[in-house]
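*Asks:* Let me give you the structure first, and then I'll get to my questions.
Values quoted throughout were computed directly from the atomic coordinates according to the rules given, and no laboratory measurement underlies them. Quick caveat, the model's predicted, so the values are computed rather than measured. In this analysis, Cβ positions are derived from the backbone assuming ideal geometry, glycine residues included, and neighbour counts consider all displayed protein chains.
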Amino acid sequence: MMYNNLLYFLVAIVLFSSAPIPQSPWLSAGVALPLAGVLLFVFYLMAGRVFSRCQPGSASYFRSEKKLSILALLFFCIILFFFDAKYYLHPLSLNDSLPVLENLGGLVIFFLLLSLIWLQGRRLYGRLFQKKYSAAGFVLNQCRINLPIVLPWLLLSVVFDLLALLPFPMFQDFLFSFWGDLFFFLVFVALLILVFPPIIRWLWNCRPLENGQLRREIETFCAQLDFSADILYWPVFEGQAITAAVMGIIPRLRYLLVTKALLFTLDRDELASVVAHEVGHVKKLHIVLYALLFLGFSLLVGAAAEPMGRFMLGSGWFYRLNNWLQLSPEGTFILMSAVPVLILMIVYFRYVFGFFLRNFERQADLYVFKAQGTARYLISSFEKIARQGGNIRDKKNWHHFGIGERIDYLERCEADRRLIKHHDRKLYTFLGLYVMTTIMLVLALSHMGAHALSPDLYEKYTLSVLEYRLKNMPESEQGLQMLGRFFLDKGLEKKAIAVYNRAHTLLPGEPEVANNLAWLLLTARDRSLRDGKRALALAREAVNSGGGQGFVLDTLATALWANGLLDEALAVEQKAARHDPEKQLYYQRQMKRFSRNKWKPTARSEGIMQ
């Protein structure tokens, strides 16, 4: 279950992280909140219906929980995208200074959906494992069990956000670079491997195995294998699951977890074989290799981001999809970037990570030959586990070989010990291929992403962003100025005038807006857009509103000239020259042009625009 839950949480995190934040919600808070409550209640009823149909036995319970966890992801998507949950959670980020708080809010929503599953499954769980919980107690217990899955991501996000607040520009540049990300991730993972086991021990409420004959026998066996760890009861499924685990690298912070059912079911030799399996994980450095596999995924995603973005922005389907979705181009870009990441994550963890997990387990199985000289005790342990687990000998999953497959391979190795080294060679060969392939892919993708976005693609995307803002969002004067400048630079004078008209309506007393609109009405290439009379009114407004700078006076002078008021135009232009002596030459040319020419709709004036 833990590996399945890992996938569910990873999907939820990617979905929330990649969801765009709309400028305004589709539904108001007064409507969205009650509807979201109704949706949660519907999910709660569905969870109860699913559990009510469970067949006797824990296998049916776990299948129902798995089905509902996948359904929870679907409901999470509805809350996220239909009810604009991220819009309402965004203030938690404190103006983007601590995004982890916003992400934590999203995680709470997913935990809320899971809590509804746990509430409906509580009574069935209690009957299966003979344990009574209050509703709050059961939800809290399940949260403690699942929290270690997301805690590393939360801690990583907190540390990264806090470091990003430090006022050191060079450090910030390094931190947000590819190599900075890699260095930070490696340091964090190293610390996590070292100090995380005690946190998990506390969350899972693991208690030391009491002193006595059994503990001494296990410690003696471990000492023979040059291995030491604190031996703890593992209360997973109330200790009734026949299983064991190991966590930690440093001996003083390393724990061997065993359930009461395991100790009760197996004899001493069988118990030793299971302990040998867990020791094998440590001896073969599987914990470190798990971190390597996570690192590989992070590097691939990071390296693929730039070329993937370039591919999208250069594709016509991106802009067609954006029009169909009616999202901002930034939102569509974020959303569509998440799709390949989500697919890559599912494929990677289901198949690549799963392949190595299965073979790490097999390698740990084979360690019993070194520890005990035979696999017959581990084989008999598996047979007992299969019978008492409900005849699950032939059941398979993506992260472990089936019990029957594990027994068959152990029996083959018992007959031919050369297969042990063969498996080690095969596994290390695939690890080598994995490392080389990952390095080559990262280098190739990094090379593809090293080239700056071409001007055409950049302008195409920028234009789509600005057009969306012009159509959908009321902007500040600064934002509208940027829109107008962009359209003007691209020769889109009609759109530029529309932007400045909008800015002037929103900010009628702003001199820069009035000045720029006046200048555009005087100098537009398309003579049908020119309007000398309105330009003069706007230019006077700009000056009267406090725009006494040289370029504003130049606009007024040009407007006076366009309306046949030559003497006034020359006087204002002389005033502009006094205000802005550095551009004396330009103002002199303007005065000569005023004196020698008339304003012509087909002529493009020269001038300065703020």
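*Asks:* Counting Lys and Arg as +1 and Asp and Glu as -1, each charge on the Cβ, what is the dipole of the stretch 285-435 about the Cα centre in debye, to the nearest 20?
*Replies:* Charge dipole of the stretch 285-435: 400 debye, to the nearest 20.
*Asks:* Now for a different question. Just need log10 I(q)/I(0) for the stretch 291-451 at q = 0.21 Å⁻¹, Debye formula, equal scatterers on the alpha-carbon atoms, no solvent, rounded to two decimals.
*Replies:* For the stretch 291-451 at q = 0.21 Å⁻¹, log10 I(q)/I(0) is -1.30.
*Asks:* Evaluate the distance, in nm, between pseudo-label points positioned 7 Å from the Cα of Arg350 and of Leu33 along their respective Cα→Cβ axes.
*Replies:* Going from the Arg350 label point to the Leu33 one covers 3.9 nm.
*Asks:* Let me ask something else. Got the relative contact order for the stretch 104-236 handy, in percent, Cα pairs under 8 Å and 6 or more residues apart?
*Replies:* Averaging sequence separation for qualifying contacts and normalising by length gives 19 percent for the stretch 104-236.
*Asks:* Spelling out what I want: for every residue of the stretch 7-21, take phi, set θ = phi - 60°, compute 6.51 cos²θ - 1.76 cosθ + 1.60 (Karplus), and round to whole Hz; glycine and proline get x.
*Replies:* So the J values, rounded to whole Hz, are 5, 4, 5, 4, 4, 4, 5, 5, 4, 5, 5, 8, 5, x, 9.
*Asks:* Run down the lysines and flag those whose C-alpha is under 17 Å from the C-alpha of Lys494, throwing out any fewer than 8 positions away in its chain.
*Replies:* Straight-distance partners of Lys494: Lys471.
*Asks:* If the limit is 21 Å between Cα atoms, which of Lys283/Lys396; Lys284/Lys421; Lys533/Lys598; Lys66/Lys426; Lys495/Lys592 go over it? Intermediate results must be reported in sequence, preceding the final value.
*Replies:* Details: Lys283/Lys396 26 Å; Lys284/Lys421 13 Å; Lys533/Lys598 15 Å; Lys66/Lys426 33 Å; Lys495/Lys592 32 Å.
From Lys283/Lys396; Lys284/Lys421; Lys533/Lys598; Lys66/Lys426; Lys495/Lys592, over 21 Å: Lys283/Lys396; Lys66/Lys426; Lys495/Lys592.
*Asks:* Under the definition of Cα pairs under 8 Å and six or more residues apart, what whole-number percent is the relative contact order of the chain?
*Replies:* Result for the chain is 9 percent.
*Asks:* Something else: Using the Cα centre of the chain as origin and beta-carbon charges of +1 (Lys, Arg) and -1 (Asp, Glu), tell me which of Asn359, Ser64, Pro198 is placed farthest towards the positive end of the dipole.
*Replies:* The Cα lying farthest towards the positive end belongs to Ser64.
*Asks:* Can you give me the angle between helix 493-506 and the longest principal axis of the chain, using Cα atoms only, in degrees from 0 to 90, rounded to the nearest 10?
*Replies:* It is inclined by approximately 90 degrees.
*Asks:* Which chymotrypsin sites (Phe, Trp or Tyr not before Pro) from the stretch 1-58 combine a DSSP loop assignment with at most 13 other Cβ atoms within 10 Å?
*Replies:* Here the chymotrypsin sites (Phe, Trp or Tyr not before Pro) that fit, given the DSSP loop and packing criteria, are Trp26.
*Asks:* By average Cβ neighbour count within 10 Å, what is the ranking of 293-302, 205-214 from highest down?
*Replies:* Descending packing order for the listed peptides: 293-302, 205-214.
*Asks:* Would you work out the relative contact order for the stretch 474-596, in percent, from Cα pairs under 8 angstrom that are 6 or more residues apart? Present the calculation step by step, with values, prior to reporting the outcome.
*Replies:* Numbers: 163 pairs, mean separation 20.6, N = 123.
Relative contact order, the stretch 474-596: 17 percent.
*Asks:* Another question, then. Among Pro148, Phe594, Pro99, whose Cα lies farthest out toward the positive end of the dipole of the chain, if unit charges sit on the beta carbon of Lys, Arg (+1) and Asp, Glu (-1)?
*Replies:* Pro148
*Asks:* Here's another thing I want to ask about it. Name the long-range amide H neighbours of Ile231: under 5 Å, sequence gap of 5 or more, or other chain; modelled H, no Pro or chain starts.
*Replies:* Those qualifying (amide H under 5 Å, at least 5 residues apart or on another chain) are Leu209, Leu256.
*Asks:* Moving on. So who's got an amide H within less than 5 Å of the one on Thr259, skipping anything under 5 residues away but keeping other chains? H placed 1.01 Å off N, in plane.
*Replies:* Answer set, sorted by chain and number: Trp234, Thr243.
*Asks:* A further question follows. Take every DSSP beta bridge whose two residues both sit in the chain, then give the antiparallel share in percent to the nearest 5.
*Replies:* 60
*Asks:* How big is the Cα convex hull of the chain in projection, averaged over all directions, in nm²?
*Replies:* Hull-based average projected area comes out at 34.5 nm².
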